[in-house]
């Protein structure tokens, strides 16, 4: 989401009378790649670019391809194959070892449904999970859909542009599968009359939202790091105790009485970090009453167990389902000793939890880092 926001900002600041631009999007990855599907890069005709589609090995060629797309006013898909030991292939020797399809789409600034404008509409509805459909290739004669077209899928009716119910049913079935898996993927479809359509089905989740409940100085390195990652940061504390400088970092600051006004969903992590036993004990049931799947508590394990025991004695026992949502102690075991390192441990632990990973050292991982197609 951070990359998309940076692209939108650059797009909005462009001189659309004197400048032209194209958007490059990774729509298929087979094997290993530094970036995954959905990675984007805005390229302007003056050579300026924002975002990225690789670790740097493809960007130089991407500048040329984007300019060609701009000059021809036609979307194109370029395949970069770095899986073979070909010294003439871009990317060989630079860490790539896979096949990557990149869609280069010139942007028509007069089209209010061009690719960047569609992304802007997703950002406006920032807490929703969006399903984007990008048409990467068409063959066999189509009337309405166009290669490079992107639209937001909201229901079966969104697929009416394909003008074939049998095909639309097949597409919808695959979309529902990708939604259930919460994974983006490219797919090819063929209608009964022989027309073919290659689509990139993209699941675009909202940014992670971290709610920090506390006012001590360690909220500063945490807030800075979380914002650098592109996450949303809310702070809940006694406003009089919060340094005004934090307002330049956090997205919002609320008093304890305004906690219920926060938008908390299943992409939210709540961290209890008041450094006061009674306060964290009081706030834990409030956090558990939300839909946040991640609730972290600073301090040693014995501290959290004591909070659980006292709440149980007071008639508020923590259920097994609730225990599964509580991370105490929170973070990954990296030997953190100062606030900045602790912030790093927390951020890595939150990212791992939302990705369904255990935070293991990658050298010890037996399977590929990302699923292979």
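The values are calculated or read from the model by the stated rules, or taken from the named source; none is laboratory data. From a predicted model like this one, the values you see are computed outputs, not experimental measurements. Positions of Cβ are generated from backbone atoms using ideal geometry, with glycine treated the same way; all protein chains shown enter the neighbour counts.
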List the number of the failed condition for residue 177; all other conditions in (1) assigned to a helix (DSSP H, G or I); (2) in the same structural domain as residue 329 (by TED's automatic domain parsing); (3) without any contact (Cβ under 8 Å) to a residue 60 or more places away in the chain hold. (2)
In region 46-66, what residues are touching a residue at least 40 places away in the same chain (Cβ under 8 Å), crowded, with 19+ Cβ neighbours inside 10 Å and under 20 Å from residue 13 (Cα atoms)? 51, 66
Take region 114-146 and flag every residue that is assigned to a helix (DSSP H, G or I), in contact with a strand residue (DSSP E or B) (Cβ under 9 Å, 6 or more places away or on another chain) and touching a residue at least 40 places away in the same chain (Cβ under 8 Å). 115, 116, 119, 122
Taking only pairs six or more apart or across chains, which ones have beta-carbon atoms under 6 Å, a first residue in region 342-354 that is at negative phi, and a second residue that is part of a helix (DSSP H, G or I) and at pLDDT 95 or above? 343/225; 347/225
For residue 132, which of the numbered conditions (1) surrounded by 17 or more Cβ atoms within 10 Å (Cβ to Cβ); (2) out of contact with any helix residue (DSSP H, G or I) (no Cβ under 6 Å at 6 or more places or on another chain); (3) more than 30 Å from residue 15 (Cβ to Cβ) fails to hold? (3)
Being outside the structural domain of residue 131 (by TED's automatic domain parsing), part of a helix (DSSP H, G or I) and under 20 Å from the mean Cα position of the chain (by Cα) narrows 7, 70, 50 down to just 7
By residue number, the members of region 205-238 that are closer than 19 Å to residue 280 by Cβ and surrounded by fewer than 20 Cβ atoms within 10 Å (Cβ to Cβ) are 216, 217, 218, 238
Out of 171, 235, 203, 253, which single residue is over 30 Å from residue 344 (Cα atoms) and outside any loop (DSSP other than H, G, I, E, B)? 171
Please verify whether region 101-112 includes one or more residues that are closer than 29 Å to residue 31 by Cβ, surrounded by fewer than 21 Cβ atoms within 10 Å (Cβ to Cβ) and in contact (Cβ under 8 Å) with a residue 40 or more places away in the chain. no
Of the listed residues (186, 206), the one being within 24 Å of residue 102 (Cβ to Cβ), within 21 Å of the chain's Cα centre (by Cα) and at pLDDT 90 or above is 186
For residue 25, only one of the following conditions fails: (1) crowded, with 22+ Cβ neighbours inside 10 Å; (2) more than 20 Å from residue 182 (Cα to Cα); (3) within 21 Å of the chain's Cα centre (by Cα). What is its number? (2)
Selection from region 312-341 of residues that are in contact (Cβ under 8 Å) with a residue 24 or more places away in the chain, part of a helix (DSSP H, G or I) and more than 21 Å from residue 275 (Cα to Cα): 322
Here the residues within region 131-151 that are under 16 Å from the mean Cα position of the chain (by Cα) and at pLDDT below 95 are none
Here the residues within region 347-373 that are modelled with pLDDT of 95 or more and in contact with a helix residue (DSSP H, G or I) (Cβ under 8 Å, 6 or more places away or on another chain) are 347
For region 60-84, enumerate the residues that are touching a strand residue (DSSP E or B) at 6+ places or on another chain (Cβ under 7 Å) and more than 12 Å from residue 104 (Cα to Cα). 80, 81, 82, 83
